[in-house]
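Asker: Pasting a structure below so you can have a look.
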Amino acid sequence: MKTINIAIDGPAGAGKSTIAKMVSARLGYIYVDTGALYRAVALYITENSIADADIEPALANADVSLRFVDGAQRVFIGDRDVSDLIRTPEISMAASRTSAIPAVRKYLFGTQQKIAAENNVIMDGRDIGTVVLPNADVKIFLTASAEERAERRYKELAEKPDCPTYEEILADIKQRDENDMTRKESPLRQAEDAVFVDTTELDLEQSADEIVRIIREKTDRK
Ligand code: DC
């Protein structure tokens, strides 16, 4: 049976993962965070000090995969669950760099397509609607202003020790936007048939409501 595939793309910090999780819980789909795959590859490359020229052969042994435990995604390198280790600023920046390498994208392409072929998914990333699932049933491009994204991130981190300043977070977000949008290989851009959703003025509930509305409208789910 054909599965239903929803693609959500957009820049870092637009709330994609939180919103996509809320929407998948409501619709009973699996939520797939493809950024976690790129982060796991970045961790593998960093931990093993692999030079760019050696990445392609090295990935043949990397064994990066996603597993779903009670519907929740975990990311593995071999049998090691690295889901928490990949959430550091260092790995964010490393993933932004290594995800531009064609061998890395090629390595993860099949993994993503296979999950979407076997499950009803809401898959989020940067090139899902444009490259990975060009025939997705619904495509959404989710964004918010860089200042609003930095503000949200700052509020999230404010309680933690060594919290970066708002200006540092904003600079980091702008740098990652620049990397993701200007790379040659699968740059972040809105697919022609994607619906544009700007969450600058919306809270999480309102954003999730809007996306559920778009999905229902496009798939005739009542
Ligand atoms: O969504 P995230 O911040 O966890 O993604 C980490 C990095 O991976 C980000 O810099 C862009 C890259 N990425 C990508 O190139 N393609 C995707 N489909 C998902 C993420």
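Asker: Quick one: in the range 129-182, which of the residues that are touching a residue at least 12 places away in the same chain (Cβ under 8 Å) and of a type in the set (K, R) is nearest to T3 (Cα to Cα)?
Answerer: Filtering the range 129-182 for residues that are touching a residue at least 12 places away in the same chain (Cβ under 8 Å) and of a type in the set (K, R), the one nearest to T3 (Cα to Cα) comes out as K139.
Asker: For the range 198-208, indicate whether the set of residues that are without any contact (Cβ under 8 Å) to a residue 60 or more places away in the chain and within 16 Å of the ligand (Cβ to nearest atom) is non-empty.
Answerer: no
Asker: Counting only residues that are polar (S, T, N, Q) and within 11 Å of the ligand (Cβ to nearest atom), which one in the range 84-100 is farthest from A72 (Cα to Cα)?
Answerer: Here the answer is T98.
Asker: Name every residue in the range 62-89 that is farther than 28 Å from P161 by Cα and of a type in the set (S, T, Y), in order of residue number.
Answerer: Hit for the range 62-89 is S65, nothing else.
Asker: Provide a single number: the residues in the range 45-58 that are assigned to a helix (DSSP H, G or I) and exposed (fewer than 14 other Cβ atoms within 10 Å of the Cβ).
Answerer: So the count comes out to 5.
Asker: Something else now. Of the conditions (1) crowded, with 20+ Cβ neighbours inside 10 Å; (2) at pLDDT below 95, D70 satisfies every one except a single condition; which number is it?
Answerer: (1)
Asker: Somewhere in the range 113-121, is a residue near the ligand (Cβ under 10 Å from one of its atoms) and touching a residue at least 60 places away in the same chain (Cβ under 8 Å)?
Answerer: So far as the range 113-121 goes, no, none of its residues is near the ligand (Cβ under 10 Å from one of its atoms) and touching a residue at least 60 places away in the same chain (Cβ under 8 Å).
Asker: Oh, and also: Assuming K139 fulfils every condition listed in (1) closer than 20 Å to L37 by Cβ; (2) in contact with a helix residue (DSSP H, G or I) (Cβ under 6 Å, 6 or more places away or on another chain); (3) within 12 Å of the ligand (Cβ to nearest atom) apart from one, which condition is it?
Answerer: With respect to (1) closer than 20 Å to L37 by Cβ; (2) in contact with a helix residue (DSSP H, G or I) (Cβ under 6 Å, 6 or more places away or on another chain); (3) within 12 Å of the ligand (Cβ to nearest atom), K139 is out only on (3).
Asker: Could you tell me whether any residue of the range 190-201 is buried (at least 17 other Cβ atoms within 10 Å of the Cβ), part of a helix (DSSP H, G or I) and modelled with pLDDT of 90 or more?
Answerer: no
Asker: Here's a follow-up. Picking from A42, A20, A7, A14, which residue would you name as being within 13 Å of the ligand (Cβ to nearest atom), in a strand (DSSP E or B) and either free of Cβ contacts under 8 Å to residues at least 12 places away in the same chain or under 15 Å from the mean Cα position of the chain (by Cα) (or both)?
Answerer: Values: A42 fails: in a strand (DSSP E or B); A20 fails: in a strand (DSSP E or B); A14 fails: in a strand (DSSP E or B).
Of the residues listed, the single one that is within 13 Å of the ligand (Cβ to nearest atom), in a strand (DSSP E or B) and either free of Cβ contacts under 8 Å to residues at least 12 places away in the same chain or under 15 Å from the mean Cα position of the chain (by Cα) (or both) is A7.
The values are calculated or read from the model by the stated rules, or taken from the named source; none is laboratory data. Only a predicted model underlies this, so the values are computations on that prediction, with no experimental measurement involved. Note: ideal-geometry Cβ built from the backbone for every residue, glycine included; neighbour counts use all protein chains shown.
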